[in-house]
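See structure below.
The values are calculated or read from the model by the stated rules, or taken from the named source; none is laboratory data. Quick caveat: nothing in here was measured; it's all calculated off a predicted structure. Note that each Cβ is placed from the backbone with ideal geometry, even for glycine, and that neighbours are counted across all protein chains shown.
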Amino acid sequence: MEPANEVKTRRQRRSKADIEEAINKAAVAQIKKKGFSLALVTDIVKRAKIEPIVFYNRYKNLDEFYDEFVKNYDYWLSDLVRDSMEEIGSEEGYSNILEKLLTNLMQEEIMTELLRWEIAEGNHITERTSRLRELHAIELINSYSELYHRENFDIPAITAILVAGIYYLVLHKDRSTFAGIDINTIPGKRRMLRAIRNISSLMFREEENLRLADASGDEDVETYRRNYEAACRERVESDFRDHVEDLMEARRIADRQRIAENMRAQGIPEDVIEQCVNGNHDE
């Protein structure tokens, strides 16, 4: 039997899949921390707990790794649209897709960093990802253009402005408020989602008015009018519910601030206060 001091502790051998998963997880962490442009192979391999040679046995350089890595996000937009396929062609479907775009971008940090990289650098990877996303988007936009084809109702141009605005709001959210609105807060995000619904409603209301004007018979006019009034009632009720939720959230924030002040007055450390007051209130 070997003496205890001669027994060597061996590193547990990892499978190729385990190593690949470790590299991807490390890359995600580094990209979230520094962005695509500033993440380094040395940082990734250190976080993945592998030797550099293990990385370079798989990828010639960081660009080659990124080329494979970002393919995980090639169908991000099409997946988002696919979840709303049953609603496509309606006002609700249009609004829901834009609302999901804002919500998902705020949650998906890697996609946000990819957008930031596309703006900052032009290379074969960023050009490919942006063009592929455009191909997926144009299919959806064209489907609406075919349904609502009128000279003064330019859905592609309107959609371009709305999507670009959503992109910028998300990319800008950690720098400052925009128009006095902080979308990192629940009330701020709700205001933006409500604005998307309101813009969609105004767009399709105009289209509905044009259809009413074109309706050939009283029965058609009455049907359109009933549907339009029902949609308006639903929108008002939705806005009222959102307003009530905003008031309740403001009350909860005020309560948490009051509790924090009382705890400070008792000399309780800030880290304990932070954990007690905000630890269980993430969205």
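Which of (1) modelled with pLDDT under 65; (2) over 18 Å from residue 189 (Cα atoms); (3) of a type outside the set (Phe, Trp, Tyr) does residue 283 not meet, given it meets every other one?
Answer for residue 283: the failing condition is (2).
Could you list, in sequence order, the residues of segment 20-45 that are outside any helix (DSSP H, G or I) and more than 21 Å from the chain's Cα centre (by Cα)? Spell out the reasoning first.
First, the residues of segment 20-45 that are outside any helix (DSSP H, G or I): 35-40.
The answer is 38, 39, 40.
Restricting to helices (runs of 4 or more DSSP H) lying wholly in segment 46-137: which have 1 or more residues that are without any contact (Cβ under 8 Å) to a residue 40 or more places away in the chain and in contact with an Asp or Glu (Cβ under 6 Å, 6 or more places away or on another chain)? Break it down stepwise before answering.
Numbers: elements: 52-56, 62-69, 76-82, 91-107, 109-120.
Counting at least 1 such residues, we get 91-107.
Have a look at 244, 236, 170 and point out the one that is modelled with pLDDT of 85 or more, β-branched (Val, Ile, Thr) and assigned to a helix (DSSP H, G or I).
Values: 244 fails: modelled with pLDDT of 85 or more; 236 fails: modelled with pLDDT of 85 or more.
It is 170.
Which of the residues that make up segment 170-180 are crowded, with 16+ Cβ neighbours inside 10 Å and within 21 Å of residue 278 (Cβ to Cβ)?
Correct list: 173 only.
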